[in-house]
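Note sheet for the following structure.
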Amino acid sequence: MSQVQRTQFIKTIAHELGFSFCGISKAEFLNDEAPKVEEWLRRGYQGKMHYLENYFDKRLDPTLLVPGAKSVISLVYNYYPKKDLARKDEFKIAKYAYGKDYHLVVKEKLNTFLTHIEKQIGKVNGRAFVDSAPVMERTWAQKSGAGWIGKNSLLLNRELGSFFFLAELIVDVELEYDGPVKDYCGTCTACMDACPTDAIPQPYAVDGSKCISYFTIELRDEIPNEVKGKFENWIFGCDICQDVCPWNKFSKPHEEPQFEPHSDLEGMTRQDWIEITDSVFQKLFKASAVQRTKLEGLKRNIGFIGLTE
């Protein structure tokens with residue numbers, strides 16, 4: 001197969017597997033990103049997510065993850081739900097966590113993808129990544145034309161908004177490369193203005209140590225009192241900066257059955273959350289990303305918000 005044919009085959013398979021977008025960029029050292037990452041870490045925006053300080057070189061050089069890498073295939077997988085379960089005065093969880101853990105769902109598709117590539121092209125040295133390992137997924141997605149990085153540091157797409165997962169295949173196959181698209185944020189600062197914990201101190205830079213998602217998922221210690229009363233009832237993750245983004249009016253419901261929430265999740269009241277038991281937790285969140293906090297972490301979040309919001 002020619003380079004053009006290989007590229008077209010890969011984009012066809014991506015569509016058949018349910019990905020909303022497939023773009024390809026050359027696997028090369030991310031020169032422009034090195035100083036940005038260094039500055040972000042220097043400011044302490046990683047908080048206690050110390051794993052972000054590791055593997056600095058691997059984050060910037062895909063050939064250290066896949067020897068001989070030639071191409072980074074960036075993929076977008078929609079998770080926007082048919083119904084937003086967030087209700088005023090009730091506890092809320094981020095939309096991406098409604099159904100089965102995306103790591104499991106998307107990784108399975110990526111492994112199938114690699115199998116298809118090898119059947120068509122021959123033996124390929126490649127690896128699949130879904131929000132795992134030190135991969136600058138938003139940077140690669142931007143380079144491939146999947147969208148632009150918005151002021152809330154998330155990837156935005158004019159047709160899809162931002163409620164989607166990013167994934168990558170890094171392979172030692174030369175392909176046709178796509179290019180980036182322009183930034184369409186303009187003068188809008190909706191995401192910055194809406195963040196109740198001021199986690200977006202300047203455009204395109206998120207202070208991870210102040211993000212509600214960090215406090216409710218990543219932080220293992222007690223949540224600091226200075227953010228009490230600022231969570232707007234989010235007990236796992238947060239969608240505030242995405243909900244207010246004008247581009248998300250173009251979001252369309254996903255077609256992935258595994259992302260559908262348990263039927264009891266929508267009816268959970270504030271009191272139900274406060275009294276949640278292990279059996280209810282396991283029923284609602286079997287194989288869900290919410291398992292990351294465990295019941296103990298979720299109860300900590302619920303207790304922190306308590307009756308103050």
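The values are calculated or read from the model by the stated rules, or taken from the named source; none is laboratory data. Bear in mind the structure is a predicted one, so any value in this text is a computation, not a measurement. Don't worry about glycine lacking a Cβ; one is built from the backbone with ideal geometry, like all the others, and counts go over all protein chains shown. With ligands, DNA and RNA removed, areas are computed over all heavy atoms of the protein, side chains included. Shrake-Rupley method; radii C 1.70, N 1.55, O 1.52, S 1.80 Å.
Within straight-line reach of Lys230, meaning a Cα separation under 15 Å, sit the following aspartates and glutamates at least 8 residues removed in sequence or on another chain: Asp89, Glu90, Asp193, Asp198, Asp239, Glu309.
Can you send over the carbon and sulfur percentage of the accessible area for region 139-228, probe radius 1.4 Å, protein chains only? Using a 1.4 Å probe with all protein chains present, region 139-228 comes out at 48 percent carbon and sulfur. Rolling a 1.4 Å probe over the heavy atoms of the protein chains gives the chain an accessible area of 48 Å² per residue.
With R₀ fixed at 25 Å, the C-beta to C-beta distance from Ala133 to Gln291 puts the FRET efficiency at about 0.80.
FRET efficiency for the pair Asn31 and Lys119, taken as 1/(1 + (r/R0)^6) with r the Cβ-Cβ distance and R0 = 41 Å, rounds to 0.70. On a 0 to 90 degree scale, rounded to 10, what angle separates helix 102-121 from the longest Cα axis of the chain? Roughly 10 degrees between the two axes.
In plain terms, the chain is cut at each of the chymotrypsin sites (Phe, Trp or Tyr not before Pro) found in a DSSP loop with at most 15 other Cβ atoms within 10 Å, and the longest leftover piece is 56-183. Normalising by residue count, the chain has a Cα convex hull of 129 Å³ per residue. Counting Lys and Arg as +1 and Asp and Glu as -1, what is the net charge of the other residues whose Cβ lies under 13 Å from the Cβ of Thr63? Within the 13 Å Cβ shell, the charges total +1. Label separation (Glu266 vs Asp57): 5.3 nm, computed from points 7 Å beyond Cα along the C-beta direction.
A full extension of the chain between Lys182 and Gln282 corresponds to an added length of 31.6 nm, given 0.36 nm per residue minus the alpha carbon distance. Cysteines in the chain that lack a partner Cβ within the 4.7 Å cut-off: Cys22, Cys185, Cys188, Cys195, Cys211, Cys238, Cys245. Placing a pseudo-label 7 Å from each Cα along the Cα-to-Cβ vector at Leu64 and Arg87 gives an inter-label distance of 4.9 nm. Extension gain, Phe250 to Val227, is 5.1 nm, computed as 0.36 nm per intervening residue step minus the present C-alpha separation. Total lysine pairs in region 66-109 at Cα distances under 14 Å, for residues eight or more apart or on different chains: 4. If one computes the Cα centroid of region 116-177 and of region 80-112, what distance in Å separates the two points? Each part's Cα centre sits 19 Å from the other's. Among the trypsin sites (Lys or Arg not before Pro) within region 145-190, those in coil by DSSP and having at most 15 neighbouring Cβ atoms inside 10 Å are Arg158, Lys182.
Other residues with beta-carbon under 14 Å from the beta-carbon of Gly161 carry, at +1 per Lys or Arg and -1 per Asp or Glu, a net charge of 0.
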